[in-house]
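What follows is a set of notes on a single structure, which appears directly below.
The values are calculated or read from the model by the stated rules, or taken from the named source; none is laboratory data. From a predicted model like this one, the values you see are computed outputs, not experimental measurements. Please note: Cβ atoms are built from the backbone with ideal geometry, for glycine as well, and neighbour counts cover all protein chains shown. The area values use the complete protein model at the heavy-atom level, side chains included, leaving out ligands, DNA and RNA. Shrake-Rupley method; radii C 1.70, N 1.55, O 1.52, S 1.80 Å.
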Amino acid sequence: KDIIVQVGRTGAITPVAILKPVHLSGTTVSRATLHNFDEIDRLDVKMGDKVYVEKSGEIIPKVLSVAKEKRTGREKRFPVPSKCPVCSSKLVRAREEVAIRCENVGCPAQIKEALLHFASRNAMDIENMGDAIANQLVDKGKVKDYGDIYYLKFEDVKILERMADKSAKNLIDAIQDSKSRDLNRLIYALGIRHVGEHAAWLL
């Protein structure tokens with residue numbers, strides 16, 4: 001139906017296929033990753049195409065191939081963007097990489113994704129810091145980087161949508177608890193490129 005782009009925590013721009021919902025391996029799938037723009041070229045996928053989809057590892061839906069024999073001639077090629085869809089910064093492609101990146105570290109999309117990674121279970125494990133909370137904290141200007149999390153007060157969190165007194169207190173308590181995590185968890189939480197859990201432990 002369409003192709004959109006998402007901005008990840010490292011600034012990488014990922015194209016995503018928006019599909020007519022289809023039942024696949026026990027769930028309804030309406031989105032599938034296209035990985036990068038080289039993959040779009042390799043598959044020769046266009047907006048309006050009928051495609052074959054599978055779940056990679058039975059989890060992540062991905063486009064396998066295009067049913068080119070079903071094309072009508074009304075399909076449209078997806079243009080490679082030159083600007084970030086969120087902050088409008090110029091996109092850059094490093095010589096050795098397939099990924100196109102937004103290099104603006106203040107890009108709200110990157111901050112949101114980085115915040116979710118920072119709070120994830122294998123990182124700082126901040127319970128209740130989900131998508132909705134992270135999005136609101138960034139949109140309201142309460143959090144611009146990881147450090148700002150630790151300056152949040154009960155009043156800052158209480159004003160968020162669907163946040164009652166008890167859930168606000170639970171989030172503040174979870175943030176305080178995260179200060180006791182081991183150093184390797186913090187290093188991993190920072191989301192440094194090429195530094196996974198094992199490398200963080202070695203460092």
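Rounded to the nearest 0.05, what FRET efficiency is calculated for ARG162 and ILE18 with R0 set to 22 Å and r the Cβ-Cβ distance?
With a Förster radius of 22 Å, E is 0.25.
Starting from the Cα of ASP148, step 7 Å along the direction of its Cβ; do the same at SER25; then give the gap between the two resulting points in nm.
A separation of 3.7 nm, rounded to one decimal place.
Output ³J(HN,Hα) for segment 59-76: one whole-Hz value per residue in order, computed from phi by the Karplus curve 6.51 cos²θ - 1.76 cosθ + 1.60 with θ = phi - 60°, and x for Gly and Pro.
Couplings: 10, 8, x, 9, 7, 8, 6, 10, 7, 5, 5, 9, 5, 10, x, 9, 5, 10 Hz.
Using label points projected 7 Å from each Cα along Cα→Cβ, tell me how many nm separate LEU203 and VAL80, to one decimal.
In this crude label model, LEU203 to VAL80 measures out at 3.0 nm.
Going through the cross-link list LYS20/LYS169; LYS62/LYS166; LYS46/LYS144; LYS50/LYS112; LYS20/LYS83, which pairs have a Cα-Cα distance over 31 Å in this structure?
LYS20/LYS169; LYS62/LYS166; LYS46/LYS144; LYS50/LYS112
Using a Gaussian network model of the chain with C-alpha springs under 10 Å, which one of LEU91, LEU115, LEU43 is most mobile by mean-square fluctuation?
Of LEU91, LEU115, LEU43, the Gaussian network model singles out LEU43 as fluctuating most.
Tabulate in residue order the Karplus-calculated ³J(HN,Hα) for segment 138-155, using 6.51 cos²θ - 1.76 cosθ + 1.60 with θ = phi - 60°, rounded to whole Hz; enter x for Gly and Pro.
So the J values, rounded to whole Hz, are 6, 4, 8, x, 7, 10, 10, 7, 4, x, 4, 4, 7, 9, 5, 10, 3, 5.
With the dipole of the chain worked out from charges on the C-beta (+1 for Lys and Arg, -1 for Asp and Glu) around the Cα centre, which of ILE4, THR33, LEU203 lies farthest toward the positive end?
So the residue we want is ILE4.
Round to a whole number: what % of the accessible area of segment 81-134 belongs to carbon and sulfur, probe 1.4 Å?
47 percent
If you take the charge dipole of segment 62-163 about its Cα centre, with +1 on Lys and Arg Cβ and -1 on Asp and Glu Cβ, which of GLN136, ALA119, ALA99 is farthest toward its positive end?
ALA99
From a point 7 Å beyond the Cα of ASN122 in the direction of its Cβ, which residues of segment 170-191 have a backbone N at a distance under 19 Å?
Flagged as within label range: 181-191.
So, R0 is 35 Å and r is the distance between the beta-carbons of ARG42 and VAL105; what FRET efficiency does that work out to, to 0.05?
FRET efficiency, ARG42 to VAL105: 0.70.
Of HIS23, HIS117, HIS35, which is the most mobile in a GNM of the chain whose springs link Cα atoms less than 10 angstrom apart?
Fluctuation is largest for HIS23.
With a 1.4 Å probe and all protein chains left in place, how much accessible area per residue does segment 47-135 have, in Å²?
Heavy-atom accessible area per residue stands at 62 Å².
Please determine, in degrees from 0 to 90 and to the nearest 10, the orientation of helix 165-177 with respect to the longest principal axis defined by the Cα atoms of the chain, where the helix direction is its Cα long axis.
80 degrees
Mind checking which aspartates and glutamates have their C-alpha under 12 Å from LYS179, skipping anything on the same chain fewer than 8 residues away?
Correct list for LYS179: ASP125.
For the chain, what proportion of DSSP beta bridges, expressed in % and rounded to the nearest 5, is antiparallel?
95 percent
Efficiency by 1/(1 + (r/R0)^6): what FRET value for LYS140 and LYS169, r their Cβ-Cβ distance, R0 = 25 Å, to the nearest 0.05?
0.85
To the nearest 20 debye, what is the magnitude of the charge dipole of the chain about its Cα centre, counting +1 on the Cβ of each Lys and Arg and -1 on the Cβ of each Asp and Glu?
Taking the Cα centre of the chain as origin, the dipole is about 740 debye.
In nanometres, what is the gap between the two model label sites at THR10 and SER56, each 7 Å from Cα along Cα-to-Cβ?
Rounded to a tenth, the inter-label distance reads 1.3 nm.
Report the convex hull volume per residue for the chain, counting only C-alpha atoms, in Å³.
About 155 Å³ per residue, rounded to a whole number.
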